[in-house]
Amino acid sequence: MKIKNEKGFTIVEILITFILVIILTVSMYSSVAAYKNKQQLESYREKIITYKNLLTKEIQDDLIMNELVQAQTSKSGNFFYVTMTFRNGTTKQLVVKRQLANETQDDSFMISYGGIDYPIPTFGSSKNEYNRKEEDFRINNIDINTNNQLLTIYIGFYHPNFSTRYAIDIVCPINFA
């Protein structure tokens, strides 16, 4: 009687194992990629909140501690200005630049307060129909005025991946005694 040696794997078994490993790898890759994308968006969100809070705190600290006595607003082209005079005699200026991409220029955003520039965080960009750069994170609206002895500063930010709108939103009485 002859005994056959049947201890090895057949080609079909090896192929099935290989296919199962590929399926598991592909499914795990998509999960890891989705998690990484979610993690990146959370990182962007944290940077936006930190930026917004830092600038808001800087302006509000001056408004509260130095007591705002006068505020003048103006607009020139893509620049919005607020010149603030405080009770101690110091003056600080808030400058907001909002240049949206068009046929000749790229997007350009900047906020400056008291002579210090606070560049807008960048989280990627795309090209418009004129092949000019459009930032994903941008200043989408600005409302600065001094109606009824109140200084209101609203600088709204937009990112296409966030449903939440972020903004610097400050309201302060002028010459409040």
Item to check | Any hit, segment 83-100, residues being under 16 Å from the mean Cα position of the chain (by Cα) and among the small types (Gly, Ala, Ser) | outcome: no
Checklist outcome for this item: If we ask which residues in segment 73-109 are within 23 Å of GLU129 (Cβ to Cβ) and of a type in the set (A, V, I, L, M, F, W, C), their number turns out to be 3
Item to check | Number of the exception - ILE116 against (1) in contact (Cβ under 8 Å) with a residue 60 or more places away in the chain; (2) out of contact with any strand residue (DSSP E or B) (no Cβ under 6 Å at 6 or more places or on another chain) | outcome: (1)
Item to check | Unique match (being assigned to a helix (DSSP H, G or I), at pLDDT 90 or above and loosely packed, with under 13 Cβ neighbours inside 10 Å) among SER43, SER31 | outcome: SER43
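Quick check on this structure: which one of TYR130, TYR166 is surrounded by fewer than 16 Cβ atoms within 10 Å (Cβ to Cβ) and aromatic (Phe, Trp, Tyr)? Lay out the reasoning, then the answer.
Numbers: TYR166 fails: surrounded by fewer than 16 Cβ atoms within 10 Å (Cβ to Cβ).
Testing whether each residue is surrounded by fewer than 16 Cβ atoms within 10 Å (Cβ to Cβ) and aromatic (Phe, Trp, Tyr) leaves just TYR130.
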Checklist entry - Can you name the condition, by its number, that ILE16 falls short on among (1) aliphatic (A, V, I, L, M); (2) closer than 27 Å to LYS133 by Cβ; (3) surrounded by 11 or more Cβ atoms within 10 Å (Cβ to Cβ); (4) without any contact (Cβ under 8 Å) to a residue 60 or more places away in the chain? => result (2)
Item to check | Subset of segment 141-156 that is surrounded by fewer than 15 Cβ atoms within 10 Å (Cβ to Cβ) and within 18 Å of the chain's Cα centre (by Cα) - its residue that is farthest from ASN102 (Cα to Cα) | outcome: TYR154
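The values are calculated or read from the model by the stated rules, or taken from the named source; none is laboratory data. Bear in mind that the values here come from a model prediction, so they are computed numbers and not experimental data. Backbone-built Cβ (ideal geometry, glycine too); neighbour counts: all protein chains shown.
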